[in-house]
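The values are calculated or read from the model by the stated rules, or taken from the named source; none is laboratory data. Note that the structure is a prediction, hence the values are computed from the model and not measured. Counting neighbours? That spans all protein chains shown, and the Cβs are built from the backbone with ideal geometry, glycine included. All accessible areas refer to the heavy atoms of the entire protein, side chains included, with ligands and DNA or RNA removed. Shrake-Rupley method; radii C 1.70, N 1.55, O 1.52, S 1.80 Å.
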Amino acid sequence: MRRCAGPGGGGGVELRAVSRRPPAGGGGVVEWVRGDLAEPASLRGVCEGADVLLHLASYIGPDEGMCEAVNAGGSAALMEEAVRAGVGRIVSLSTAAVYGVGPHSGIGVNGVDPVPASVVSRTRLAGEGPVLAAGGVVLRPGLVLGEGDRWVVPALAELVERVPARWEGGRGLLSAVAVGDLGRLIGRLACTSRAVGGGLYHASHPVPVSVGDLLAVLAAHGVLPSVADREELSWEACLELLGARPGRVSARQLDLLTRDHWYRSERVWRVAGCPAGPGVLARTAQAARWYRSHLDPHLAA
């Protein structure tokens with residue numbers, strides 16, 4: 001991204017997007033260039049002339065070699081390019097999952113030592129180092145919900161089938177952010193004239209949501225079945241049920257989605273001068289149709 005003066009002295013931006021597969025014929029006002037984090041040589045020159053770098057890409061699949069190449073090695077190579085090109089501001093997207101297994105309640109940045117529980121989280125944590133060394137901002141959001149979410153709500157949908165209960169009464173508190181609000185925050189950090197020092201920030205909505213409230217709102221919008229009348233079960237009993245009914249969601253993911261995992265996030269919104277918005281529960285209606293379509297095309301109407 002390059003900040004530039006617009007007509008009459010107004011501010012504007014020129015955007016360059018780096019992709020493994022740029023769209024044929026370009027993308028309108030966006031300059032598309034090919035670059036692959038798994039191929040450091042392909043990144044040569046991608047930061048030339050840029051004032052701001054937004055590093056939002058990661059690999060979250062099961063291939064350990066790709067995790068290392070993209071999340072750790074690729075991030076390091078991209079930061080080398082940014083430093084070489086003299087980029088003045090860097091914003092990089094990580095994840096609060098680097099903290100590992102909870103429960104975590106009201107934790108500040110590195111209020112507990114990161115203990116990643118997966119190769120994805122471990123390599124994303126490793127990728128933070130080069131960003132911080134380059135003076136960049138690293139954002140650690142919790143659960144990201146909204147259109148495009150192919151992990152959080154699909155995992156909840158599986159869990160309400162495999163573990164038919166109210167998990168510890170739905171009292172677990174979760175850090176979460178609507179994808180549009182996270183995008184606003186990233187945009188503000190990129191473009192603000194405020195001084196934004198490098199470092200780590202939690203990037204969820206400042207107010208955590210309970211898993212019970214989240215499930216109730218999703219049920220109210222026809223995304224998931226209601227669990228209001230189900231029996232309350234302890235964590236240990238839920239874990240036993242999960243193990244008895246094999247599926248894709250792991251015990252670690254059950255822990256992440258049902259027990260306290262919330263991290264203090266007020267500071268980044270204040271630093272960016274960006275209103276946090278009403279939160280994910282209020283934003284659910286906007287994404288409900290998309291979720292219904294993704295989970296079951298027959299529910300899209």
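So here's what we get for this one:
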quantity	calculated
Residue count, segment 242-301 (criterion: aromatic (Phe, Trp, Tyr) and within 15 Å of Leu174 (Cβ to Cβ))	2
Members of segment 229-247 that are surrounded by 12 or more Cβ atoms within 10 Å (Cβ to Cβ) and of a type in the set (A, V, I, L, M, F, W, C)	Leu233, Trp235, Ala237, Cys238, Leu239, Leu241, Leu242
Residue that is farthest from Val137 (Cα to Cα), among those in segment 188-210 that are in a helix (DSSP H, G or I) and either aliphatic (A, V, I, L, M) or in contact with a helix residue (DSSP H, G or I) (Cβ under 9 Å, 6 or more places away or on another chain) (or both)	Arg188
Segment 72-109, subset touching a Leu at 6+ places or on another chain (Cβ under 8 Å) and polar (S, T, N, Q), residue surrounded by the fewest Cβ atoms within 10 Å (Cβ to Cβ)	Ser105
Residue count, segment 110-126 (criterion: crowded, with 24+ Cβ neighbours inside 10 Å and over 20 Å from Arg252 (Cβ atoms))	0
Matching residues, segment 218-247, being assigned to a helix (DSSP H, G or I) and under 24 Å from Pro103 (Cβ atoms)	Leu218, Trp235, Glu236, Ala237, Cys238, Leu239, Glu240, Leu241, Leu242, Gly243, Ala244
Residue in segment 38-46 that is open to solvent by less than 60 Å² (accessible area, probe 1.4 Å), β-branched (Val, Ile, Thr) and free of Cβ contacts under 8 Å to residues at least 24 places away in the same chain present	no
Sole exception among (1) under 24 Å from the mean Cα position of the chain (by Cα); (2) surrounded by fewer than 21 Cβ atoms within 10 Å (Cβ to Cβ); (3) under 22 Å from Gly187 (Cβ atoms) for Pro62, by number	(3)
Flag for Gly183 being open to solvent by less than 60 Å² (accessible area, probe 1.4 Å), without any contact (Cβ under 8 Å) to a residue 40 or more places away in the chain and not hydroxyl-bearing (Ser, Thr, Tyr)	yes
Matching residues, segment 248-284, being open to solvent by 10 Å² or more (accessible area, probe 1.4 Å), in a loop (DSSP other than H, G, I, E, B) and not hydrophobic (A, V, I, L, M, F, W, C)	Arg248, Ser250, Arg259, Asp260, Arg264, Gly273, Pro275, Gly277, Pro278
Residue pairs meeting the criteria (Cβ under 8 Å; at least 6 apart or on separate chains; first touching a residue at least 60 places away in the same chain (Cβ under 8 Å), in segment 58-71; second among the charged types (D, E, K, R))	Ser58/Arg124
Residues located in segment 129-166, provided they are open to solvent by less than 10 Å² (accessible area, probe 1.4 Å) and either in a strand (DSSP E or B) or more than 19 Å from Gly180 (Cβ to Cβ) (or both)	Val131, Gly136, Val137, Val138, Leu139, Arg140, Ala155, Leu156, Leu159, Val160, Val163, Ala165
Candidate set: segment 9-37, residues that are assigned to a strand (DSSP E or B) and open to solvent by 50 Å² or more (accessible area, probe 1.4 Å); chosen: the one farthest from Ala82 (Cα to Cα)	Gly11
Qualifying positions in segment 92-110 - of a type in the set (S, T, N, Q) and more than 28 Å from Ala82 (Cβ to Cβ)	Ser105
